[in-house]
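Student: Got a structure here, written out as structure tokens. Questions coming.
The values are calculated or read from the model by the stated rules, or taken from the named source; none is laboratory data. All of these numbers come straight from a predicted model, not from anything done at the bench. Heads up, the Cβs are rebuilt from the backbone with ideal geometry, glycines too, and the neighbour counts pull from every protein chain shown.
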């Protein structure tokens, strides 16, 4: 049986950036902005994957389609490319 595919879709919280200092993994420069990346194991979607993977027959694959700075209009513009192209079973 194949894994259940979940695509997570959203802004910087989904992408894995945060202003919460205790979860920073590293920082990088994006133009003049310093971006703080969250440890992948601390992202909400990674925690979700660990919690539900044992309950779903065949396991779970989570695809991160988060984009820092995303808006509703930007998300709608990239929906087909970044979400639907993965043929997900579920989208969050």
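Student: Give the residue that is modelled with the lowest pLDDT, with candidates limited to residues of the range 54-79 that are more than 16 Å from the chain's Cα centre (by Cα) and within 27 Å of residue 1 (Cβ to Cβ).
Tutor: Taking the candidates together, the pick is 54.
Student: Let me ask something additional. Is there a residue being over 16 Å from the mean Cα position of the chain (by Cα), modelled with pLDDT under 70, assigned to a loop (DSSP other than H, G, I, E, B) and surrounded by fewer than 16 Cβ atoms within 10 Å (Cβ to Cβ) anywhere in the range 31-44?
Tutor: Checking the range 31-44: at least one residue is over 16 Å from the mean Cα position of the chain (by Cα), modelled with pLDDT under 70, assigned to a loop (DSSP other than H, G, I, E, B) and surrounded by fewer than 16 Cβ atoms within 10 Å (Cβ to Cβ).
Student: Could you list, in sequence order, the residues of the range 59-77 that are part of a helix (DSSP H, G or I) and surrounded by 15 or more Cβ atoms within 10 Å (Cβ to Cβ)?
Tutor: 75
Student: Hey, another quick one. For residue 2, work out the one condition from (1) outside any helix (DSSP H, G or I); (2) modelled with pLDDT under 75 it doesn't fulfil.
Tutor: Single failed check for residue 2: (2).
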